[in-house]
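Novice: One structure follows; several queries about it will come next.
The values are calculated or read from the model by the stated rules, or taken from the named source; none is laboratory data. Fair warning: this is a prediction, and the values are worked out from it, not measured in the lab. Here the Cβ positions follow ideal geometry from the backbone for every residue, glycine too, while neighbour counts run over all protein chains shown. Keep in mind that these areas ignore ligands, DNA and RNA; they rest on the heavy atoms of the full protein, side chains included. Shrake-Rupley method; radii C 1.70, N 1.55, O 1.52, S 1.80 Å.
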Amino acid sequence: MNDVLSTDAQIVTRFAPSPNGPMHLGHAYSAIVAHDLAKQAGGIFLLRIEDIDGARSRPELVNEYRRNLEWLGLEWVEVPAQSTRLETYEAAARELVSRGLLYPCNCTRKEIEAAGAQHGPDGLVYPGTCKGKLLDPAKSASLRLDAEKAMGEVGQIVWSDEIAGEIIADLQEFGDVVIVRKDAPASYHLAATVDDAADGVTLVTRGKDLFAATHIHRVLQALLKLPALHYYHHDLLLDKDGKKLAKRRGSPALAERRTGGESGLMLAEQLRLHKLKGGTFA
């Protein structure tokens with residue numbers, strides 16, 4: 001981190017949770033890493049609510065998230081939530097469509113699996129079933145990025161991770177990823193890339209489980225002429241079984257610890273100590 005933190009540019013980090021389940025220790029850890037990297041450099045720590053996940057988004061959780069961050073002793077500047085930015089995603093998608101970089105796809109996951117798709121870093125690698133075909137307009141469709149065309153446009157580009165160093169961006173392992181979902185105005189990849197540029201983020205901090213996705217984000221930055229950012233992919237917080245803490249695995253909610261009388265400041269310091277030592281966090 002020293003190279004980035006010693007530059008003259010102001011460090012701007014962000015914590016960008018999706019309110020589709022209670023915050024747990026993994027979220028707290030990620031927020032603390034982003035907060036501390038910004039504050040140590042005299043920078044800004046942003047909170048952005050990523051709430052375009054359809055019916056899964058639960059607005060009532062947003063205030064709970066804020067209370068949890070305050071309980072942990074974090075200070076932040078809140079930027080507009082994703083649900084207020086739909087026009088910016090639509091504009092970015094139109095730009096890519098106009099250049100022939102996106103194409104519609106109405107395949108279901110079951111159909112993609114039946115076509116013998118292999119698993120890649122971002123899920124099933126789409127076999128290109130719909131590319132170049134006229135589709136039934138009555139069926140809902142996602143928009144996929146033509147990876148070959150995209151890489152042809154951007155050429156060889158790199159992205160920089162503060163731990164792993166410089167990485168050459170390559171979509172070969174991903175296939176034609178979804179950029180606009182059937183049920184949402186943007187995929188995570190498009191929305192996060194557009195938002196980070198709009199919010200002036202300079203250092204994206206997130207878990208190593210999203211390391212591979214940065215290939216996609218770097219290519220989108222180049223295609224949309226957005227700034228190339230620095231990245232810090234931190235280790236994941238693991239439970240006593242050595243598995244990633246996750247909402248879908250029923251990891252304990254922070255709100256339970258907060259309302260149960262536990263000290264958020266003490267928990268935050270324990271998480272900071274864990275960052276130095278590594279290993280599991282029980």
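Novice: Give the stretch 44-77 a look and list any residue that's open to solvent by less than 30 Å² (accessible area, probe 1.4 Å) and free of Cβ contacts under 8 Å to residues at least 40 places away in the same chain, or say none.
Specialist: Once the filter is applied, which keeps residues that are open to solvent by less than 30 Å² (accessible area, probe 1.4 Å) and free of Cβ contacts under 8 Å to residues at least 40 places away in the same chain, the stretch 44-77 yields Phe45, Leu47, Ile49, Ser57.
Novice: May I pose another question? Given the condition over 15 Å from Thr193 (Cα atoms), over 16 Å from the mean Cα position of the chain (by Cα), in a loop (DSSP other than H, G, I, E, B) and of a type in the set (Phe, Trp, Tyr), answer yes or no: does some residue in the stretch 53-65 qualify?
Specialist: no
Novice: Among residues belonging to the stretch 78-91 that are of a type in the set (S, T, N, Q) and either in contact with an Asp or Glu (Cβ under 8 Å, 6 or more places away or on another chain) or surrounded by 17 or more Cβ atoms within 10 Å (Cβ to Cβ) (or both), point out the one that is farthest from Asp183 (Cα to Cα).
Specialist: Thr88
Novice: I would also like to ask the following. When both residues are 6+ apart or on different chains and their Cβ atoms are under 9 Å apart, which pairs have a first residue that lies in the stretch 174-192 and is of a type in the set (Phe, Trp, Tyr) and open to solvent by less than 20 Å² (accessible area, probe 1.4 Å), and a second that is modelled with pLDDT of 95 or more and part of a strand (DSSP E or B)?
Specialist: Phe174/Leu145
Novice: Just the residues that are under 19 Å from Lys208 (Cβ atoms), in contact with a strand residue (DSSP E or B) (Cβ under 7 Å, 6 or more places away or on another chain) and not hydrophobic (A, V, I, L, M, F, W, C), please, taken from the stretch 133-173.
Specialist: Across the stretch 133-173, the qualifying residues are Ser160, Asp161, Glu162, Glu166, Glu173.
Novice: Which condition number does Ile167 fail, the rest of (1) assigned to a strand (DSSP E or B); (2) open to solvent by less than 30 Å² (accessible area, probe 1.4 Å) being met?
Specialist: Of everything listed in (1) assigned to a strand (DSSP E or B); (2) open to solvent by less than 30 Å² (accessible area, probe 1.4 Å), Ile167 misses just condition (2).
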